[in-house]
Amino acid sequence: MDTNFTPSAEQIAQTKQKIDAYIHSIDANPDHRSGAYPYYQFHEAGEAIRGTVLIFHGFSNKPHQMWRLADYLFYNGFNVYQANVAGHAFIPADKYWPQVDLKPEIANPLREKVQNDPVLQNFFANLAADPGTFRRPGYRQQIALVSRLVTIEPRLLDIMKAIELDDDPDFEEYFISSDRKTRPQAPIF
C-alpha cells in the first residue's frame, strides 16, 4: 500500500498563507516575544510526501528548540509545522500563558517549612556548593526527598494527585489557575 500523497500547489499556498498571516499578527502585537515564531517546512507542490507532522515545543521554551526533529522529519519525506503553544508568542508570561500556582495559603507555609527543615537545608546546601556537578538524585534519594516532603506537608500526595488527574475535583482546593482566561490562539489547520 502506498502511503505517500501529493499536496497540490493550492493546498500548500493556502496553508502557508494562513501560517504567515498568524506570524504577521504576532509581529503586530506590541507584546510579541522575540524568536517565538511558529515555522514550517513544506516540500514543493507536486512532490510526494509521507504526511504532515505537527510539532509543539516545550512549555517553557520557543519553537526553535525542535529544529533538529523538524529537519529530520522534513528530510525523511514529511512536511512539518512547528506550532506555538497557545500564548507563547507573547510576553509578559503571566498575561498570556496559562498560569497554575499553589494557593498562597498553601505555598507560603510549605516554602517556609522547606527552608527551615534541617535535612532539606543540608540537601540544598550540597547542591549550591558545587552547582556545576549537579546530578539527578538517584532512585533512593528521590524516595527519601519525597518522604521528607510528605513528612513536612502531609497533603502533598493529594496536591500532586489534584494536578496530575484531569478534572480532579480537588484541583481548586489547592491551585489558582488562569487557564479559563481568553488568550490569543494559534491557528489550527
Label of the coordinate-derived value, Cα extents along the principal axes in Å, listed as [x] 57, 52, 24; [y] 68, 47, 24; [z] 66, 36, 35:
[z]
Computed from the beta carbon distance with a Förster radius of 25 Å, FRET efficiency for Asp101 and Arg136 to the nearest 0.05 stands at 0.50
If you put +1 on each Lys and Arg Cβ and -1 on each Asp and Glu Cβ, how big is the dipole of the chain around its Cα centre, in Debye rounded to 20?
480
Could you work out how much longer the chain between Arg68 and Arg50 gets when fully extended? Use 0.36 nm per residue separation minus the Cα distance between them, nm to one decimal.
4.7 nm
Sites matching GluC sites (Glu not before Pro) across the stretch 1-68 that sit in DSSP coil, with at most 13 neighbouring C-beta atoms within 10 Å:
Glu44, Glu47
Can you count the Lys pairs in the chain with C-alpha separation below 28 Å, eight or more apart or on different chains?
15
Given the rule -39500 (n - 2.57) for each run of at least 4 DSSP H residues, summed and divided by the residues of the chain, what is its mean residue ellipticity at 222 nm, to the nearest 500 deg cm²/dmol?
-13500 deg cm²/dmol
Residue of Ala125, Ala48, Ala13 that the Gaussian network model of the chain assigns the largest fluctuation, springs spanning Cα pairs under 10 Å:
Ala125
Subtracting the Cα-Cα distance from 0.36 nm times the residue separation, let me have the gained length for Phe5 to Ala128 in nm, one decimal.
38.8 nm
Exposure proxy check: His88, His24, His32 ranked by fewest other beta carbons within 10 Å?
His24, His32, His88
Looking at the stretch 1-83, which chymotrypsin sites (Phe, Trp or Tyr not before Pro) are in a loop (DSSP not H, G, I, E or B) and have at most 10 other Cβ atoms within 10 Å?
Phe59
Per DSSP, loop chymotrypsin sites (Phe, Trp or Tyr not before Pro) in the stretch 108-139 with at most 12 further Cβ within 10 Å
Phe134
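Where a number appears in this text, it was derived from the coordinates with a stated rule and is not lab data. Computed from a predicted structure; not experimentally measured. Positions of Cβ are generated from backbone atoms using ideal geometry, with glycine treated the same way; all protein chains shown enter the neighbour counts.
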